[in-house]
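Structure record follows, encoded as structure tokens.
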Amino acid sequence: MFTTGSKLFLGGTVLSLAATLVYGATEGGGPLGTIGLISVTLVFAFLTGINFWVRDSNVSSMDTAGIESSPAAHLAPGRSMWPMVAGAGAALLPVGLIVGFAITWLAVIVLMIAMVEWMVQAWSEGASSDPVYNLGIRRRILHPMELPVLGAVGLGLIIFSFSRIMLHVPAAAGAIIFGGIATGVVLFGSLIATKRTVARSLVVALCTVGAVGVVGAGVASAVAGGRHVAKHEIPSYAEGTCGADTSGEADDKSSRAIAAKSNLAATIILQNGKLRAEVIGVAGNPDAVTLPRSTDSFIRFKNLDNGKFRLVVNLGKEVVDPKAATLTYREVKECTQAVEEGGDQFIIIKPAAPSPRDPSAPDQYSFTVPGVDSAVLGIVVP
Amino acid sequence: MTVPSNGGSRFVSRARRLALPGAAIAALTFLSSCAKDAPQDTFQPKGDNARNIDKLQRTPFYIAGAVFVVVFAVVMFCVFKFRDRGQKIPKQTHGKPALEIALTIVPALILVGIGIPTVKTLFMLAKTSDTQCVINVTGQQWWWEYDYPVQEGCGGITEPIVTSGEIVFPAKMNVLLKITSRDVIHSFWIPALNGKRDAVPGRVQTLRMEADHPGIYAGQCTEFCGLSHAYMRMDAVALDAAGFETWKTNQLAAYESPADGTAAKTGESTFLTQCSRCHQVNGLVNANGDPVISRPDQYVYSGAAPNLTNLMTRYDFAGASFDLITDDCRDKLWSAQPADFSALYLQGVTPECFDPVNLREWLRNAPGKKPMYADPAKLGPTDGKTRGMPNLNLTEDQIDQIISYLTERK
Ligand SMILES: [Cu+2]
């Protein structure tokens with residue numbers, strides 16, 4: 001009487017109708033939820049009707065003989081683990097809603113996988129009356145999805161376990177273990193490649209032992225926690241001070257922080273208490289560096305003097321609040337962190353306003369080094 | 001197998017029908033390469049750097065041309081000679097080591113032959129040690145700014161000069177451009193003088209310029225940079241040494257405010273209220289007598305607007321896309337002989353040559369003349385700043401006054 005498909009949708013209709021009633025009665029949510037649930041109920045009812053009418057599309061509803069002999073008319077054979085998985089997912093879902101978001105996501109993923117697998121399996125079992133053929137088409141459809149996902153999950157597990165192991169063992173031991181395992185894999189690989197006679201079961205056994213070993217050790221290491229890794233602290237420096245006090249700062253290996261080493265607007269060098277500039281395309285050391293306005297100019301500061309020094313870029317003064325009754329000004333100043341002898345620092349400057357045209361005007365633009373009065377170099381912004 | 005005779009004749013008649021248009025297209029393509037008015041022709045170098053490139057490309061061009069002709073001839077020969085007339089398939093051979101080795105070695109030798117002079121030319125084009133003049137070139141949507149840093153080069157520059165659209169430099173001098181960008185990547189290219197160089201934000205790249213003779217050389221941005229990329233043009237202007245000195249002096253001359261009571265004077269005050277927040281005019285002072293410093297960084301996305309101090313010493317504007325002079329005067333300037341060019345160029349936009357139409361349209365509605373995201377409704381993505389010059393809704397009177405004011409900026 002009822003085909004398998006219409007039974008499924010009938011169940012859906014009843015369930016969603018019940019949900020609508022419960023939801024609506026308890027006024028748990030706004031009208032949107034109720035409308036949504038009513039729509040779901042209607043859709044299920046509609047699908048039930050269609051499936052019933054077309055007999056799951058398997059045979060013409062007029063073909064009474066076909067109805068009797070169609071695969072859908074027979075009870076689909078086979079066992080399936082997917083109802084169980086789907087049940088687990090459905091159970092996890094409310095747990096997730098209470099415990100945490102991550103579990104909700106897990107539940108949703110499990111549910112979705114179970115749904116897809118279950119549906120394809122159910123459909124393929126009714127595809128023909130030949131179970132071997134049916135299994136074949138299930139594989140053809142699902143393997144392209146299952147195999148990569150399973151492969152990725154397996155690999156991910158191995159990699160994750162491996163990383164936990166590496167983070168757990170001392171740094172030096174890590175290298176040795178790495179080398180050892182890599183050698184083992186190569187030897188094992190060449191063994192299989194050259195000795196074709198190696199028993200298949202031996203290979204499988206070795207692989208299993210290896211995988212279980214890595215994952216087991218990984219889980220153990222993850223539980224035990226990683227080794228202590230010393231952090232490379234970069235002391236923060238109070239922004240805007242740009243003073244001569246360099247204590248408590250300075251990035252010793254600062255030149256490592258400089259990626260851009262070519263096509264800079266200028267390299268400013270502190271040597272023997274003096275600043276000089278190297279500018280791309282300009283021979284010698286110009287008396288002043290001309291930098292275009294409103295343009296990011298990449299500047300590299302190199303300290304060749306003994307001590308910790310920083311480069312300060314003085315870009316005149318700007319009005320604090322143009323709408324204020326009496327205008328107040330503040331210095332426009334930027335600076336690098338202090339850097340040890342031989343080190344580099346990098347700074348990007350973008351002068352907004354031109355430098356004073358009159359060379360005797362106050363607030364000239366310049367590079368300076370706090371604590372080294374003789375180190376001054378002019379900046380011209382046209 | 002025999003070809004049905006009617007099919008064959010249909011083929012022939014179709015070929016005949018296509019022959020004429022085909023030949024016409026080929027002839028046109030060929031003839032267009034001889035066009036006289038082709039200022040961006042890479043085959044007509046007008047300076048050392050472009051000539052080096054041209055020398056390098058010509059040999060491979062001819063070799064490649066010969067290879068093309070030979071291969072094409074052989075293919076055609078085979079197609080006709082061995083076409084399917086129902087004959088038996090000839091005996092097939094496979095592999096001929098001597099031929100294969102020859103066909104590997106000969107192209108390798110050709111490549112080495114091209115490679116050596118290429119590397120040599122690359123080094124020549126990258127050289128900066130013989131620089132005699134440095135000019136900073138900054139690209140932004142959709143115009144180029146040129147600033148001349150203080151230097152001993154270029155015959156000595158004591159105060160920075162800022163200009164746009166037309167890059168002016170002395171002929172016969174090794175000029176080094178230092179190219180960067182304020183917003184997106186652009187590319188600077190004057191085909192008659194050198195290859196192209198990208199303008200990349202945060203990076204300074206160099207490009208040599210040298211012109212044999214005084215003259216004006218056209219170019220355009222060659223890296224797609226947004227809506228008005230096509231309107232991002234530039235002219236390179238080479239002057240003779242004396243002419244360049246005059247040009248520099250003129251660029252740095254003291255500001256002259258228009259005479260009181262003139263339309264230009266009214267234009268100056270309109271300029272102060274409407275324009276000077278974006279456009280710098282050196283020497284311009286406000287009502288209190290304080291110098292007016294433009295702050296395009298607060299209004300324009302790229303942070304810059306052209307310096308208008310000497311607008312009328314240039315012949316075009318807005319990315320060298322619109323003329324300030326009549327077509328006649330333009331033709332005269334572009335076809336001037338090298339000996340006469342500098343003097344003619346230094347006249348600037350004279351009253352006889354001035355054609356205000358383009359400028360008027362620009363001031364009426366700049367984004368209408370040159371598409372720019374300057375529509376206030378669409379400024380959200382650019383922090384409320386315009387890309388390009390906005391429509392300022394000026395009245396016709398204001399436009400007249402501003403034009404009188406601008407015509408004095410020489
Ligand atoms: Cu561009």
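Peptides B:53-59, B:358-364, ordered by how many other C-beta atoms sit within 10 Å of their residues on average, highest first, read B:358-364, B:53-59. Between amide H atoms placed 1.01 Å from N, distances below 5 Å from A:L275 occur with A:V376, all of them 5 or more places distant or on a separate chain. Helix content alone sets the calculated 222 nm mean residue ellipticity of chain A: runs of n ≥ 4 DSSP H residues at -39500 (n - 2.57) each, divided across all residues, give -17000 deg cm²/dmol. Using only side-chain charges placed at the Cβ, +1 for Lys and Arg and -1 for Asp and Glu, the dipole size of region B:315-362 relative to its Cα centre rounds to 120 debye. Counting only DSSP beta bridges with both residues in the protein assembly as shown, the antiparallel share comes to about 70 percent.
Among the cysteines of chain A, A:C207 have no other cysteine beta carbon within less than 4.7 Å of their own. Where both bridge residues fall in chain B, DSSP classifies roughly 65% of the beta bridges as antiparallel.
The string of couplings for region B:187-202 from the Karplus curve (6.51, -1.76, 1.60, θ = phi - 60°) is 8, 9, 8, 10, x, 6, 10, 5, x, 9, 9, 6, 9, 10, x, x Hz, one whole number per residue in order, with x for Gly and Pro.
Mean residue ellipticity at 222 nm, helices only, chain B: -12500 deg cm²/dmol; runs of at least 4 DSSP H residues each add -39,500 (n - 2.57), and the sum is divided by the number of residues.
Here is what passes the span test in chain B: the DSSP H helices with alpha carbon length of 30 Å or more along the helix axis and a Kyte-Doolittle mean of -0.5 or above are B:5-32, B:48-81, B:97-126. Once the Cα atoms are used to define both axes, helix A:82-99 deviates from the longest principal axis of chain A by about 40 degrees. Summing Lys and Arg as +1 and Asp and Glu as -1 over all other residues whose Cβ lies under 13 Å from the Cβ of A:P359 gives a net charge of -3.
For chain A, the relative contact order comes to 10 percent (Cα pairs under 8 Å, sequence separation of at least 6). For region A:258-380, what is the percent of antiparallel DSSP beta bridges, rounded to the nearest 5? Rounded to the nearest five, the antiparallel share is 75 percent. In units of the compact-protein estimate 2.2 N^0.38 Å, chain A shows a Cα radius of gyration of 1.75. Summing charges over all other residues whose Cβ lies under 13 Å from the Cβ of B:N174, with Lys and Arg as +1 and Asp and Glu as -1, gives -1. Highest average first, the peptides A:270-278, B:121-129 ordered by how many other beta carbon atoms sit within 10 Å of their residues are A:270-278, B:121-129. Look at the Cα gyration tensor of region A:258-380: its axes a ≥ b ≥ c give a/c of at least 1.5 with a/b over b/c, and that counts as prolate. Its residue count N sets the reference 2.2 N^0.38 Å, and the alpha-carbon radius of gyration of the protein assembly as shown equals 1.40 times that reference.
Against chain A, whose longest principal axis comes from its Cα atoms, helix A:4-26 is set at around 60 degrees. Here the calculated FRET efficiency for A:I98 and B:Y299, from their Cβ-Cβ distance with R0 = 56 Å, stands at 0.55, rounded to the nearest 0.05. Oblate is the label for region A:96-215, because a/c, from the alpha-carbon gyration tensor with a ≥ b ≥ c as root eigenvalues, is 1.5 or above and a/b does not exceed b/c.
Rg and Dmax of region B:263-406, both derived from C-alpha coordinates alone, stand at 16.4, 52 Å. Peptide packing: for A:192-199, A:168-175, B:320-327, the average count of neighbouring Cβ atoms within 10 Å per residue gives the ranking B:320-327, A:168-175, A:192-199, highest mean first.
Throughout, read-outs are computed from the coordinates displayed, never taken from laboratory work. Just so it is clear, the structure is predicted and the values come from calculations on it, not from any experiment. Backbone-built Cβ (ideal geometry, glycine too); neighbour counts: all protein chains shown.
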